[in-house]
Every structure is written in C-alpha cells, then in structure tokens.
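Worksheet: the structure to be examined is printed underneath.
Laboratory data are not the source of any read-out in this text; all were calculated from the coordinates shown. Please read these numbers as outputs of a predicted model, since none were measured by experiment. Please note: Cβ atoms are built from the backbone with ideal geometry, for glycine as well, and neighbour counts cover all protein chains shown.
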Amino acid sequence: MNKFHAFLYLFIFGIFGCQKAEEKAPISLEELTISEIHEAFQNGTFSAEDLTKAYLDRIAAFDGPINSITVINPDAIAKAKELDQEFEQSGKLRPLHGIPIIVKDNINTAGLLTTAGALALNDFIPEKDSPIISKLVEAGAIVLAKSNMAEWAFSPMHSESSTHGTTHNPYNLDYVPAGSSGGTGAAVAANFGTVGLGTDTGNSIRGPSSHNALVGFRTTLGLISRTGIVPLYLRNDVVGPMCRTVEDATRVMEVMAGIDPNDPLTQYSDGKAQTSYQQSLDPNGLQGARIGVLREIMQDLDPEVKALFEQSLVDLQTLGATVIDPVTIPDFSTLRQNQWCATFREDLEAFLAEYVKNDTIQTLEDIIRIGSNSQFAQDRLEMMKDNSGRWGLEGEACGNAYEDPRRIAFREAIEHVMDSLQLDAIVYPSWNHKPARIENFQEEYRGDNSQIIAPHTGQPAFTIPMGFVSGNLPAGIQFLGRMYAEPTLIRLTYSYEQGTKHRKPPILSPGTKN
C-alpha cells in the first residue's frame, strides 16, 4: 500500500469510524425513571429528542392490541429539541426536563384533542392548557400523547370510549385495566411514557394503578387544581400522577400542587401544601411507623388477594412498622352511606359553556342527542339526566369536603381513630378481587375499595403494587392518610416499595389495533 492509498484508507476509516463511534445505543425504556433520564442527559448518553423518538417508536410497535393511546402530540419532538438546546446552553435541568408524559383524554391540552372519550367532544381542541399542564410544561415535561378512558369517566370497571374503543390490560389482554383512567394505566405500565396523569372521582387513579402494577396518588381534595378538566362530579374530582415508582409520582405531584384562583377548593390548601415533597422519600420511612388495618371493608376477599395482603402486613412489620390489626371506625357502615351526589349535569354544562363554546352542545340533552357508541355510557347518560342531588336523600344539600356535614363527620370519625391509636396511615387492598375479564366486566366487577372513603372525606389515598395473582394480574395495597398528610404517605409507600420491589413490567407482543 503506497502512501496515497494509506492516507485515503485512514481518511475514509476515520470518517466512518467516527460516525460509528457517534452512533448511540438503543435506549432501554423499560422502567426508566426521571432521575435516570436526567443522569443520562447530563452524561450525554441520550437526549430528550432521542428519548421522545424512542417512546413514539415503542407506542407504534406495541400499543396496537392494548389500545391505550388516542392521539400523539405532533409537536413532541420539536419540544424535545427545544429542551435539548436549552440544556446545552444553560447546563441546567428543570424539575421534569425532557420527561415525556401521558395525559388522560379529559384534561385540556392546547392544540390536542380533548374528547373525554365522547362523540360530543370528538373535535374539541382546547385553546389553552389546563393549569396543571401549564405547570408541568413549565417544569420541562413533554406532553407526548393523550390516553384512552372510560367515556365521560363514568366507569370504574373498564375503559371503553366512543372515540377509541376498549383498552386492554397489558399484563393480560383478556382483562380490564379498570377505569376510568385505564388508558393512562396501561400506557405507563407498558412503558409508553415516563409518567402519566389520571383523574379520580371515586377510583379512577387508584383502580387502574392497582390493575396495572403502578403507583397512583389520589391527593387531598384541594391540593391540586382541577380547572380545565372535563368533570364527572367536581365535588369529588382529583387529578394526580400514575407512575411506575413512588419517587416519580412524588416529583410529578410536587410540580402540580398549589393554589389556583379559578378552583376555589384549592384555597383550603393555603399554608398546608409543602414546597418539597421529595424530602419525604426515605427508604427507612416505615421504621417506627404505626399502621392500622381496616378489615371492615375487606368483604368477600379473593383468596389470592388475601394472601398478598396478609404478606404485605408481614412485610410492613419486617420493614419496621407496628401493625394494629384490626382498627374499628365507630358507625363506619352508617357514615359511609348517602355520600354520593350527582352533580354531572351542572358541572359538565359549566365546562361546556366555558371551554367548548359550541351552540349545539350546551346541555346534557345535547350530549344524549349526539349519542354514544358505548351502551354502558349511553345508559349512564340517561341515568344522569333523571338524577341530581344526593343519592338516597335528594332533599339534602351537597357540599364540598370542607363544608358538607356528612363528609366532615365521616372524616372526623376516621381521623379520631387515627389520633387515638397514633396511626400514620390505614391500609387495605385497593381491590378485594382481581381484574375482571373484558367480555364479562359488569358481572365480575367486585371489591373496589377505592370508592368508599377518600372521595367523600377528601383524605389522600395512595395505591402501590403488592404483587400478582394468577393470570399475571397485578394487585395493589392502599394507604389512607390524614388531610394534607402527603409527606407521611410518601414516606410510608416509598419505604414499602423499596423494601418489596413488587413492580415488574408486562411482557408485550407487537401488533396492530383491532
């Protein structure tokens, strides 16, 4: 080889060698956390753009049979590029810098369809983000996609919409992911985004989180704004994180918490919200804790779920907690009655007037006229048309969690027992039974404990994985705390999570939508 050929060889090898060296290894998306992503950004392992593209590729490859995603944000990659440029120039990462988030389809997102799964909102594109989305975007989050849901958030059982059909549980496609935030639950469980958002009127964050081996935070009523979210019953509605880890859920919640002048309920959190919730992430947080067991709501407990729950109590003790079993709430069976109030019509019509602004869609009757592809949703709409006020006691006024005498009495009875026994939290299974089969969801829907306490009392309740039953189906344990005791619940659930490590991802198969 003469000198010229040698030079040419080295020149060509140098070019292609450098290109090969610059090629990045594929991103392993499974179970990737916020802190791991930020570490990768800082190390130059991958960028926000790389990460966003990887999630989009994963959705395209695996969401078909699950059917969790309704719409992809066409600006997601452009937003990721902007954040990469910002980091390159500043060297600083925002709290959620470059973190792709899955958003339930009833939360207003500027420029993206927000349908609540309903034909009446099939072409509704909000002009601006809801306040919580604005906060998340300001913190650096990337709205990656919207997720399917039970139409109008009516169903805690399953997630079927007129706009996108039925979502399946990624752990076993024959089973429900619960509702109404089943799309977010399935998508985050399947690692289609780093974190997700759900809403919870009675069950809809904690139910899907339990069915999908996720952490789900239903926070204190008043801690986080609900403005710009399609309501079910605004007196009960909460928006919160659905994530694979307690730490990620805490980071998301920390950004969202705060007073919103357009949501009067948040005024009650004045002086009670924390500036930093991450300081409660203590792996030894169960040491010295006192945990009560509420067995009264564990009726008709599935044997496999019971076995997991009993083991969770052993684990709590092993991790340093004192378990008081059982605890009894005086008059519990009476206090839990007549708590639900049907406010769908007034809440929805107010949302339509403020955000949708369509002369042909102003009333519940307009919604019914437009119709639904879901018989379940259509039946619920008819029921809502003919019902209002407190169920069972129509003549009694309905108030918020801070003013309604029934809600206050229920909460005070629980917190009095917690105080007398010096309890940090009360625990019970999030569901007494395993997920139902999609083909038979109404008959097999049993044991939903999330509906019973927190939606009415306003207390925070977090669910966290406690293992799997037959059929590779997840189950969750729920921690109930005092009002604004999110720091305590974070400490307890983080310690339990770190000490048990029950979360595992589903095994996915590629496919196309049905």
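At 1.567 mPa s and 4 °C, plugging the Kirkwood radius over alpha-carbon pairs of region 236-326 into Stokes-Einstein gives what diffusion coefficient in µm²/s? In µm²/s, the coefficient is 80. Region 112-134 and region 474-496 have their alpha-carbon centroids 31 Å apart. 3J(HN,Hα) along region 136-145: 5, 5, 4, 7, x, 5, 10, 6, 7, 6 Hz, from the Karplus curve 6.51 cos²θ - 1.76 cosθ + 1.60 with θ = phi - 60°, whole Hz, x for Gly and Pro. Compared with the dominant Cα axis of the chain, that is its longest principal axis, helix 76-90 is turned about 70°.
By the gyration tensor of its Cα atoms, with a ≥ b ≥ c the square roots of the eigenvalues, what is the shape of region 358-448: rounded for a/c under 1.5, prolate for a/b over b/c, or oblate? Note, shape of region 358-448 comes out oblate. Proximity of backbone amide H atoms, modeled 1.01 Å from N, is registered between Thr322 and Gly288, Ala289, Arg290, Ile291 at under 5 Å, excluding neighbours fewer than 5 places apart on the same chain. Among 202-213, 460-471, 146-157, sorting by the average number of other beta carbon atoms lying within 10 angstrom of each residue, highest first, gives 202-213, 146-157, 460-471. Relative to the longest principal Cα axis of the chain, at what angle does helix 486-500 sit, 0 to 90 degrees, rounded to 10? The answer is roughly 60 degrees. Remark: region 118-134, residue by residue, has Karplus-estimated 3J(HN,Hα) of 10, 4, 5, 10, 4, 10, 7, 10, x, 6, 8, 5, 5, x, 5, 5, 4 Hz, where x stands for each Gly or Pro and the curve is 6.51 cos²θ - 1.76 cosθ + 1.60 at θ = phi - 60°.
Quickly work out the Ile507-to-Ala350 label distance, labels modelled 7 Å from Cα along the C-beta direction, and quote it in nm with one decimal. Result: 5.0 nm between the two label points. Note that region 342-390, at 10 °C in a medium of 1.306 mPa s, gets a Stokes-Einstein diffusion coefficient of 141 µm²/s from its Kirkwood radius over C-alpha pairs.
Out of the DSSP beta bridges found with both residues in the chain, what percent are antiparallel (nearest 5)?
70 percent
A cut-off of 5 Å between modelled amide H atoms, ignoring neighbours fewer than 5 places along the same chain, links Tyr175 with Asn169, Ile438.
Treat the chain as a sphere of radius equal to its Kirkwood radius over Cα pairs and apply Stokes-Einstein at 37 °C in a medium of 0.692 mPa s; give the translational diffusion coefficient in µm²/s, rounded to a whole number.
D, rounded to a whole number, is 141 µm²/s.
The C-alpha atoms of the chain define a longest principal axis, and helix 34-43 lies at about 20 degrees to it.
Averaging the Cα positions of each part gives two centres, and for region 199-213 and region 234-297 these lie 15 Å apart.
Quick one: Debye curve from the C-alpha atoms of region 36-117, no solvent, what's log10 I(q)/I(0) at q = 0.12, 0.23 Å⁻¹? One equal scatterer on each Cα of region 36-117 leads to -0.41, -1.14.
Coupling constants for region 96-106 follow from the phi torsions by the Karplus curve (6.51 cos²θ - 1.76 cosθ + 1.60, θ = phi - 60°), and in residue order they are 10, 4, x, 8, x, 10, 9, 10, 4, 6, 10 Hz; glycine and proline get x. Normalising the Debye intensity of region 82-240 to I(0), with uniform scatterers on Cα atoms only, and taking log10 at q = 0.11, 0.13, 0.17 Å⁻¹ returns -0.40, -0.56, -0.93.
Report the charge-dipole magnitude of the chain in Debye, nearest 20, computed about the Cα centre from +1 at each Lys and Arg Cβ and -1 at each Asp and Glu Cβ.
900 debye
Distances between placed amide hydrogens fall under 5 Å for Gly198 paired with Gly240, Met242, all partners being 5 or more residues away or on another chain.
Simple spin-label estimate for Asn400 and Ala61 gives 4.7 nm between the two label positions (7 Å along the Cα-to-Cβ direction from each Cα).
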